[in-house]
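Asks: Quick one: the structure is below, and I'll ask about it shortly.
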Amino acid sequence: MEDLRFPIGPFVAPAMVNAEMRKRLINDIRYLPSLLEIAVQTLDAHQLQTPYRPGGWTVAQVVHHVADSHMNGFTRVKLALTEDNPTIKPYDQEAWAELADVQYTPINVSITLLHALHARWVAVLEHLEAKDWDRTFFHPGNNASYDLSTHLANYSWHGLHHLAHIERLKEREGWK
């Protein structure tokens with residue numbers, strides 16, 4: 001049986017990210033907002049409030065979470081490019097998913113935010129020099145430093161992971 005928490009499997013950092021793989025991963029970042037928008041465009045209010053799995057977030061919470069997470073992801077790229085191995089600020093994603101902006105803001109606001117955010121993120125990523133991909137930031141919650149190639153792979157996976165949550169729920173429920 002499919003693990004509903006990890007429909008595309010858990011994130012596994014690639015041993016090496018070459019230029020060809022980076023292009024694919026950047027395209028994942030580029031197209032995620034459109035794919036997410038398509039995935040939710042026919043869902044009604046009840047469906048948006050349906051958890052993607054028992055005990056999981058609702059579809060609306062997932063959409064808002066992707067926006068929250070990707071804002072943090074983009075900021076981490078910019079910090080890594082402008083500081084030497086900066087320590088980033090982790091955040092409590094579970095608590096953020098319960099805040100009023102998630103409860104009372106229509107998901108189209110986060111979809112619009114993702115379109116704009118990802119356009120800027122792609123602009124930065126496509127103009128990095130080879131040496132920039134080795135720049136790092138320190139994540140105190142994981143007690144580890146991450147280079148920008150690994151970070152890109154992680155956020156490619158993250159977007160596709162949450163997109164799959166929504167798509168698999170729609171399949172299981174027979175929603176068009």
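Asks: Once phi is turned into θ = phi - 60°, what whole-Hz ³J(HN,Hα) does the Karplus curve with 6.51, -1.76 and 1.60 give for every residue of segment 104-109, x standing for Gly and Pro?
Replies: Here the 3J(HN,Hα) series is 10, 9, x, 5, 4, 5 Hz.
Asks: Would you calculate a helix-derived [θ] at 222 nm for the chain, using -39,500 (n - 2.57) for each DSSP H run of n ≥ 4 and dividing by the full residue count, to the nearest 500?
Replies: Taking each H run of at least 4 residues, the total per residue is -19500 deg cm²/dmol.
Asks: So how tilted is helix 19-40 from the main axis of the chain? Cα-based, degrees 0 to 90, rounded to 10.
Replies: With rounding to tens, the tilt is 20 degrees.
Asks: Go through 32-38, 7-13 and give me the packing order, highest mean Cβ count within 10 Å leading.
Replies: Ranked from most to least packed, the peptides come out as 32-38, 7-13.
Asks: Rounded, prolate or oblate, given the Cα gyration tensor of segment 115-158, with a/c below 1.5 counting as rounded?
Replies: Oblate, because a/c is 1.5 or more while a/b does not exceed b/c.
Asks: Please give the peptides 78-88, 57-67, 112-122 ranked by average Cβ packing (other Cβ atoms within 10 Å per residue), highest first, as a rough proxy for protection.
Replies: 57-67, 112-122, 78-88
Asks: Leaving out ligands, DNA and RNA, what percent of the accessible area of the chain is carbon and sulfur, probe 1.4 Å?
Replies: Carbon and sulfur: 54 percent of the exposed surface of the chain.
Asks: Also, I was wondering about something else. Please compute the Kirkwood hydrodynamic radius over segment 26-116, one decimal place, Å, based on all pairs of different Cα atoms.
Replies: Hydrodynamic radius (Kirkwood, Cα pairs) of segment 26-116 is 14.3 Å.
Asks: Just check the chain against the gyration tensor rule for me: Cα atoms, a ≥ b ≥ c as the square roots of the eigenvalues, rounded for a/c under 1.5, and otherwise prolate or oblate depending on whether a/b exceeds b/c.
Replies: Cα axes put the chain in the prolate bin.
Asks: D for segment 80-141, whole µm²/s, Stokes-Einstein with Kirkwood Rh over alpha-carbon pairs at 10 °C and 1.306 mPa s: what number?
Replies: 110
Asks: Could I ask something else about it? Could you rank the peptides 145-151, 16-22 by their average count of other C-beta atoms within 10 Å per residue, with the highest value first?
Replies: For the peptides 145-151, 16-22, the packing ranking is 145-151, 16-22.
Asks: Please state, as a whole number in µm²/s, the translational diffusion coefficient that the Stokes-Einstein equation yields for segment 1-77 at 25 °C and 0.890 mPa s, with Rh defined as the Kirkwood radius across alpha carbon pairs.
Replies: 167
Asks: Please give the per residue accessible area of the chain, computed with a probe of 1.4 Å over protein heavy atoms only, in Å².
Replies: It amounts to 54 Å² per residue over the chain.
Asks: Please give the residues of segment 136-176, grouped as numeric ranges, whose backbone N is less than 20 Å from a label point set 7 Å along the Cα-to-Cβ vector of Gln49.
Replies: 166, 169-170, 173-176
Asks: Counting alpha carbon pairs within less than 8 Å and at least 6 residues apart, what relative contact order, in whole percent, applies to the chain?
Replies: That works out to 39 percent.
The values are calculated or read from the model by the stated rules, or taken from the named source; none is laboratory data. Just so we're clear, the structure is a prediction, and the values are computed from it rather than from any experiment. Cβ coordinates were reconstructed from backbone atoms using ideal geometry, including for glycine residues, and neighbour counts include every protein chain displayed. Keep in mind that these areas ignore ligands, DNA and RNA; they rest on the heavy atoms of the full protein, side chains included. Shrake-Rupley method; radii C 1.70, N 1.55, O 1.52, S 1.80 Å.
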